[in-house]
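Right, one structure below, let's go through it.
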Amino acid sequence: MKGLVVALLIASACAGPAEPTSRIPKKPNNELVVGDFERHPPAGTSAFRFGADGTYTVSKTKDEMERTPHVSEGVFQVEGDKLTFTAARGECANAKVGTYKVVLSKIGIRVVEKLEDACEWRSRLAGQTLWRIK
C-alpha cells in the first residue's frame, strides 16, 4: 500500500503544473491603443490621445489635452505590433510618416523600437512607455 501511495505521489509530481482552465483573452491591439496616454518624467510629460476613429493628438501635458493648438495631430494605424503615425499638423508634419514596433497592454504602450521615421521629435519615443491615463 505504501508503495502505491509513493508511486502516485511521484507520478503526480512528474506530470508538471496543470494548465489553467480559463484564460481571459487579450483585447486586439486596435482596441487597446484607443484612449489617453502620457509619458512620465524624466522621459517627458507629453500626452497622447488615440481615437477610435484613427486620429491622434499630442499635447505638452495631459492637462493641456483639450487646448489647441496641439503639439502634433494626424492619423494612426495599428497592424499587429506596428504603430504608424501620419502627421497632419504640428511636430513631424514635414516628415509625415513614422513607424514603430510596440507592445500594447491595458496599462500602456511600450515603444520598443523605431522602424522608420525621419522626425527627430517623434523618434525620441523609442524605448519609452506611454502610460494609460485612468
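Number of Lys pairs in segment 26-132 with C-alpha atoms less than 15 angstrom apart, excluding same-chain neighbours closer than eight positions?
Step by step, the pairs that qualify in segment 26-132 add up to 6.
Per the Kirkwood definition applied to all pairs of different Cα atoms, how many angstroms is the hydrodynamic radius of segment 26-132?
13.5 Å
Which distance in nm do the two modelled labels at VAL112 and ALA52 give, with both placed 7 Å along the Cα-to-Cβ direction?
Here the modelled spin labels are 2.8 nm apart.
Please give the length that would be gained between ALA93 and GLU120 if that part of the chain were fully extended, namely 0.36 nm times their separation in residues minus their C-alpha to C-alpha distance (nm, one decimal).
Extra length available between ALA93 and GLU120 comes to 8.6 nm.
At 7 Å along Cα-to-Cβ for each site, give me the label-to-label distance between LYS60 and SER105 in nm.
3.2 nm
Values in this text are rule-based calculations from the coordinates and carry no lab data. From a predicted model like this one, the values you see are computed outputs, not experimental measurements. Positions of Cβ are generated from backbone atoms using ideal geometry, with glycine treated the same way; all protein chains shown enter the neighbour counts.
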